[in-house]
């Protein structure tokens, strides 16, 4: 039996860079229009150097 996966819909994302003097800078990607409740779980954060431009890896 084949299971159908719902089609993903594109969502506008934004990135916020936080610079630290005592550690690596961190970049957080989150929905552009997220309210406070959504922001608690709809984001990803990593050291800024871990992200690459999409054009570079296509």
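Residues are listed down the side, and each one gets a yes or a no for (1) exposed (fewer than 11 other Cβ atoms within 10 Å of the Cβ); (2) part of a strand (DSSP E or B); (3) modelled with pLDDT of 85 or more:
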{"residue": "6", "(1), (2), (3)": "yes, no, no"}
{"residue": "9", "(1), (2), (3)": "yes, no, no"}
{"residue": "16", "(1), (2), (3)": "no, yes, yes"}
{"residue": "20", "(1), (2), (3)": "yes, no, yes"}
{"residue": "24", "(1), (2), (3)": "no, no, yes"}
{"residue": "30", "(1), (2), (3)": "no, yes, yes"}
{"residue": "34", "(1), (2), (3)": "no, no, no"}
{"residue": "42", "(1), (2), (3)": "no, no, no"}
{"residue": "46", "(1), (2), (3)": "no, yes, yes"}
Only residues in the stretch 12-40 that are free of Cβ contacts under 8 Å to residues at least 24 places away in the same chain count as the first member; pair them with residues that are surrounded by 12 or more Cβ atoms within 10 Å (Cβ to Cβ) and in a loop (DSSP other than H, G, I, E, B), Cβ under 7 angstrom, at least 6 apart or cross-chain, and list the lot.
18/25; 19/25; 28/43; 29/43; 30/42; 30/43; 31/42; 34/42
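The values are calculated or read from the model by the stated rules, or taken from the named source; none is laboratory data. Everything quoted here is computed from the prediction, not taken from an experiment. A quick note on method: Cβ atoms are made from the backbone with ideal geometry, for glycine too, and the neighbour counts reach across all protein chains shown.
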